[in-house]
Amino acid sequence: MNIIRLVASVTFAATLSACVTTDYSVTQRGDFPEFRRSLSNTPYGYQIIPDPTGTAPVPVVERFEVQPGDCWHNKTWDDCPNDRERSELVQRGARYPENTEMWYGWYVYFPEDFPDINPTRPTFAQFHQAGAEPILMFLTNPEGYYGEVRDQEKPIQEISVTDENEEWRGKWLRIEVHAKWSHDKDGFIEIYRDGEKRGEYRGVTFEGEGIYFKYGIYRSGISRYIEALNKPEAPAQIVYFTGVKAGETREEIQLPVIEK
């Protein structure tokens, strides 16, 4: 890395940590279209609330909660017989077509008492595809929070967001994704945490008919936890998000800020 790039990276990371906004709405999502709740109808499952942590970069956050048995259905799918529980928002309307290059960003907070439900694999953000499996998912395991690239023609590639032995609960994590959605080898996915590049994937990133974003809590294969630990149910989980935005440039996905 040359000196100019190093200074730019340090300056960008410092800007993220040194600023706060006084006027923000969670519906200010940049180039994202509207979102709707997905297969969840509980009143506590999704709420827009004042920041309960006291450390968010904005005064308002999105709260997601899944209690045991929180499954729902629509005209084409039913989570309940398919071993799933969730509270998610899903992007409505237009999908991102092939050869789209975009930046995406969000803040996520796992409470200090956030329970691990391994071997069930809970997902907390995903870039899904119409007509194909998700290309990128963000999950937790006992070690931390990580991205998982799922090119159907290659082994799954994991990109760690948190460090080994880091206490990642109880703090806001700033996540950024820079991606080009492509059927060809010029596709790429870059993942950043708090302004630092954590890893990248190069290759096919588009295998369906359009990319769309989902975030919240999605628990697939909940019976794995129940059977492995001989429990009657998996514990409830709560996660907070804020600053979810999409844009054509990295600058466009930043929050409106003022210096402290």
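The values are calculated or read from the model by the stated rules, or taken from the named source; none is laboratory data. Note that this is a predicted model, so its numbers are computed, not measured. Every residue, glycine as well, gets a Cβ built from its backbone with ideal geometry; the counts of neighbours run over all protein chains shown. In case anyone asks, the SASA skips ligands and DNA or RNA and just uses the protein heavy atoms, side chains included. Shrake-Rupley method; radii C 1.70, N 1.55, O 1.52, S 1.80 Å.
What the table below lists for this structure:
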quantity: Whichever residue in the stretch 27-54 is of a type outside the set (Ser, Thr, Tyr) and outside any loop (DSSP other than H, G, I, E, B) and, among such residues, is most open to solvent (accessible area, probe 1.4 Å); calculated: Arg36
quantity: Matching residues in the stretch 113-133 - criterion: being open to solvent by less than 40 Å² (accessible area, probe 1.4 Å) and either in contact with an Asp or Glu (Cβ under 7 Å, 6 or more places away or on another chain) or more than 24 Å from Asp151 (Cβ to Cβ) (or both); calculated: Phe114, Pro115, Ile117, Gln129, Ala130, Ala132
quantity: Some residue of the stretch 27-50 being modelled with pLDDT under 95, farther than 24 Å from Ile211 by Cβ, among the hydroxyl-bearing types (Ser, Thr, Tyr) and touching an Asp or Glu at 6+ places or on another chain (Cβ under 9 Å); calculated: no
quantity: Checklist (1) in contact with a helix residue (DSSP H, G or I) (Cβ under 7 Å, 6 or more places away or on another chain); (2) touching a residue at least 60 places away in the same chain (Cβ under 8 Å) applied to Asp51, failing item; calculated: (1)
quantity: Tally, over the stretch 66-83, of residues that are of a type in the set (D, E, K, R) and either at positive phi or buried (at least 19 other Cβ atoms within 10 Å of the Cβ) (or both); calculated: 3
quantity: Selected residue [small (Gly, Ala, Ser) and free of Cβ contacts under 8 Å to residues at least 24 places away in the same chain] from Gly147, Gly187, Gly170; calculated: Gly187
quantity: Residue within the stretch 152-166 that is open to solvent by less than 30 Å² (accessible area, probe 1.4 Å), closer than 21 Å to Val204 by Cβ and out of contact with any Lys or Arg (no Cβ under 9 Å at 6 or more places or on another chain) present; calculated: no
quantity: In the stretch 191-249, the residues that are outside any strand (DSSP E or B), in contact (Cβ under 8 Å) with a residue 60 or more places away in the chain and within 26 Å of Glu98 (Cβ to Cβ); calculated: Thr205, Phe206, Glu207, Gly208, Glu209, Gly210, Glu248, Thr249
quantity: Qualifying residue in the stretch 17-26 (condition: surrounded by fewer than 16 Cβ atoms within 10 Å (Cβ to Cβ), modelled with pLDDT of 95 or more and closer than 26 Å to Lys171 by Cα); calculated: no
quantity: Output for the stretch 213-254, where each listed residue is aliphatic (A, V, I, L, M), open to solvent by 20 Å² or more (accessible area, probe 1.4 Å) and under 21 Å from Gly170 (Cβ atoms); calculated: Ala236, Ile238
quantity: Strands (runs of 3 or more DSSP E) contained in the stretch 117-159 and holding at least 3 residues within 14 Å of the chain's Cα centre (by Cα) and either of a type in the set (Gly, Ala, Ser) or under 21 Å from Ser223 (Cα atoms) (or both); calculated: 121-129, 132-141
